[in-house]
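The values are calculated or read from the model by the stated rules, or taken from the named source; none is laboratory data. Being a predicted model, the structure only gives us computed values, none of them experimental. Note that we place each Cβ from the backbone using ideal geometry, even for glycine, and neighbour counts take in every protein chain shown.
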Amino acid sequence: GAVVSQHPSRVICKSGTSVKIECRSLDFQATTMFWYRQFPKQSLMLMATSNEGSKATYEQGVEKDKFLINHASLTLSTLTVTSAHPEDSSFYICSARNSGGIGGYTFGSGTRLTVV
Amino acid sequence: QQQVKQSPQSLIVQKGGISIINCAYENTAFDYFPWYQQFPGKGPALLIAIRPDVSEKKEGRFTISFNKSAKQFSLHIMDSQPGDSATYFCAASRVNDMRFGAGTRLTVKP
């Protein structure tokens with residue numbers, strides 16, 4: 001089945017630094033990937049839609065200059081949290097839709113970001 | 001942002017009982033309705049999904065009931081087990097757009 005690998009699973013960084021999270025589709029090509037943010041005991045909130053070879057589409061209220069998304073290939077999307085602050089601490093999850101599939105989205109295992 | 005309403009927020013069921021979680025959506029453009037199971041610290045995993053041209057889908061102990069006219073769908077977990085204790089999210093999607101319900105924290109007591 002479709003597998004999405006997300007790395008790292010956990011990261012602790014100092015306030016003011018940047019952190020890059022990778023999302024890879026291992027056995028399929030994904031022209032579109034999605035980045036979600038999840039606070040404790042809450043649902044997944046869509047942050048942005050990452051499109052291969054073009055600019056990402058950000059949801060309202062998400063700072064595009066703070067959350068940089070790059071989708072350079074059909075199997076890799078990256079989310080960079082720039083100048084991270086403690087309020088950016090959260091669980092970030094990516095997902096991808098199999099380009100040849102119907103409906104199904106596969107999720108990565110998530111990245112727990114803690115900014116100290 | 002949340003276009004899918006899910007209830008209840010939390011649910012406690014005895015082992016062997018039936019767990020029922022309900023969802024409702026507004027946008028009739030959605031054409032795929034999956035349920036995801038999430039354990040703490042992990043990403044969501046697809047449990048079962050249905051399309052609006054079907055009123056019910058069953059996979060093992062998990063059944064989705066879908067009411068297109070009411071724009072509602074539900075997840076039934078038969079013979080609930082302690083290992084089913086997790087957070088369940090319903091979702092509604094169309095091409096390149098998936099929206100989640102708020103989630104239901106299910107606890108199955110032994």
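Scanning segment A:13-45 for residues that are in contact (Cβ under 8 Å) with a residue 24 or more places away in the chain and polar (S, T, N, Q), which turns out surrounded by the most Cβ atoms within 10 Å (Cβ to Cβ)? Within segment A:13-45, the match that is surrounded by the most Cβ atoms within 10 Å (Cβ to Cβ) is A:S25. Against the numbered list (1) more than 24 Å from A:Q6 (Cβ to Cβ); (2) part of a strand (DSSP E or B); (3) in contact with a Gly (Cβ under 6 Å, 6 or more places away or on another chain), B:K57 comes up short only at (3).
A single member of B:Q72, B:Q38 is more than 30 Å from A:R112 (Cβ to Cβ), more than 10 Å from the chain's Cα centre (by Cα) and not small (G, A, S), and it is B:Q72.
Can we say B:S74 is in contact (Cβ under 8 Å) with a residue 24 or more places away in the chain and surrounded by 20 or more Cβ atoms within 10 Å (Cβ to Cβ)? Judged against the criteria, B:S74 is not a match.
Of the candidates B:G17, B:G41, the single residue that is assigned to a loop (DSSP other than H, G, I, E, B) and at positive phi is B:G41.
Scan segment A:62-72 and give yes if some residue there is under 24 Å from B:G101 (Cβ atoms), within 14 Å of another protein chain (Cβ to nearest Cβ) and aromatic (F, W, Y), otherwise no. No, that holds for no residue.
Listed here are the residues, each with its yes/no results for (1) within 14 Å of chain A (Cβ to nearest Cβ); (2) closer than 24 Å to B:F30 by Cα; (3) under 13 Å from the mean Cα position of the chain (by Cα); (4) at pLDDT 95 or above.
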{"site": "B:K58", "(1), (2), (3), (4)": "no, yes, yes, yes"}
{"site": "B:F62", "(1), (2), (3), (4)": "no, yes, yes, yes"}
{"site": "B:N67", "(1), (2), (3), (4)": "no, yes, no, yes"}
{"site": "B:D79", "(1), (2), (3), (4)": "no, no, no, yes"}
{"site": "B:A91", "(1), (2), (3), (4)": "yes, yes, yes, no"}
{"site": "B:V95", "(1), (2), (3), (4)": "yes, yes, no, no"}
{"site": "B:G101", "(1), (2), (3), (4)": "yes, yes, yes, no"}
{"site": "B:R105", "(1), (2), (3), (4)": "yes, no, yes, yes"}
{"site": "B:V108", "(1), (2), (3), (4)": "no, no, no, yes"}
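Go through segment A:1-48 and count every residue that is in a loop (DSSP other than H, G, I, E, B) and under 16 Å from B:A45 (Cβ atoms). Adding up the residues that qualify gives 6. Answer yes or no as to whether A:A48 is in contact with a strand residue (DSSP E or B) (Cβ under 9 Å, 6 or more places away or on another chain), surrounded by fewer than 20 Cβ atoms within 10 Å (Cβ to Cβ) and not aromatic (F, W, Y). So A:A48 does not fit the description; no.
B:I21 meets the conditions (1) within 17 Å of B:M78 (Cα to Cα); (2) surrounded by fewer than 14 Cβ atoms within 10 Å (Cβ to Cβ) in every case but one. The failed one is (2). If you check B:L46, B:L75 for being closer than 26 Å to A:K41 by Cα, away from every other protein chain (no Cβ under 14 Å) and part of a strand (DSSP E or B), only one passes: B:L75. Note on segment B:86-102: residues that are outside any strand (DSSP E or B) and either in contact with a Leu (Cβ under 6 Å, 6 or more places away or on another chain) or surrounded by 23 or more Cβ atoms within 10 Å (Cβ to Cβ) (or both) total 1. Among the criteria (1) exposed (fewer than 14 other Cβ atoms within 10 Å of the Cβ); (2) touching a residue at least 40 places away in the same chain (Cβ under 8 Å), the one A:T75 does not fulfil is (1).
For segment A:1-32, a residue qualifies if it is within 10 Å of another protein chain (Cβ to nearest Cβ) and either closer than 20 Å to A:G61 by Cβ or not hydrophobic (A, V, I, L, M, F, W, C) (or both), and the qualifying residues are A:G1, A:Q6, A:S9, A:R10, A:T31, A:T32.
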